[in-house]
Amino acid sequence: MDQRLQLESEMALKFLHEESEGSASIGSKAFVGLSEGDYILLDGASFFGGKRGFYTLLYEEALRKKVNLLAISKQSSTLVDEKGRDFMAATSMLAHYPTWLYHPIRQANKDKHLYGDVSLVKLCQDSLRTFRCDIMEYLTNCEISELLSPLTAISEDPRCLGYPVALWLAHDFSSPSDSMLLHYHDQVEETLVDGGLLDVLRLEELSCNFPDELHGVKHPFRWERIEYV
């Protein structure tokens, strides 16, 4: 299982578990457990179970406590038509409202580990960004626009205009520092030198990464990770 999905699932479950456990500590503040009507935002698509999904227990606990569980993806390369055209971009060009919702593009299908309806949202009138937002199946009987309306209030931070700032902060807090990444990079290179592999891999790297260097990407760990969701 993807380590990020595992850690994110465990953190969310920590806040969802038994009411009798009381509050949890986050930094220097006490956090009271989640209750009915609260929100959990996941970074990614609403796949649960299997090798590419969040814990199914997370879905079950959110359902049990009547918590609004949503999954928001920064990009979704699978939302293309048969000619390879980007559905998100095409919809954005056709929509003329300051904020909008397109629901559903695809309905939940638990047989394929998809536990939420796939939708598109634009959460800020001053931003052109649109995002895939998966709405868990147990929430689809309510008024979807009212369900997502609170997200507009947390999508106006100038650091990530149009994107929920809670997800931006989670990404920022969990990202390793440049010095740490360079330290690991040096350790990997030392191991490759000992194994007599570095020179071969360096030649392969030079043959394929020049376009990235032209765009200012000097280290492999700076490449953008693309999740196919």
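The values are calculated or read from the model by the stated rules, or taken from the named source; none is laboratory data. Being a predicted model, the structure only gives us computed values, none of them experimental. Heads up, the Cβs are rebuilt from the backbone with ideal geometry, glycines too, and the neighbour counts pull from every protein chain shown.
Listed by first and then second residue, the pairs with beta-carbon distance under 9 Å, at least 6 apart or on different chains, first residue in region 161-181 and touching a residue at least 60 places away in the same chain (Cβ under 8 Å), second hydroxyl-bearing (S, T, Y), are Y163/S127; Y163/S155; P164/S155; A166/Y39. Looking across region 129-157, the residues that are in contact with a Ser or Thr (Cβ under 7 Å, 6 or more places away or on another chain) and of a type outside the set (A, V, I, L, M) come down to T130, F131, R132, C133, D134, T152. Taken as a whole, the condition of being outside any helix (DSSP H, G or I) and free of Cβ contacts under 8 Å to residues at least 60 places away in the same chain does not apply to D134.
You will find that of S145, S149, S119, the residue that is touching a strand residue (DSSP E or B) at 6+ places or on another chain (Cβ under 6 Å), assigned to a helix (DSSP H, G or I) and either acidic (D, E) or surrounded by 11 or more Cβ atoms within 10 Å (Cβ to Cβ) (or both) is S145 and no other. Going through (1) at pLDDT 95 or above; (2) among the aliphatic types (A, V, I, L, M); (3) not in a helix (DSSP H, G or I) one by one, A30 falls short only on (1).
Here is a check on your reading of the model: is E10 assigned to a helix (DSSP H, G or I) and either within 20 Å of the chain's Cα centre (by Cα) or modelled with pLDDT under 90 (or both)?
Answer is yes for this residue.
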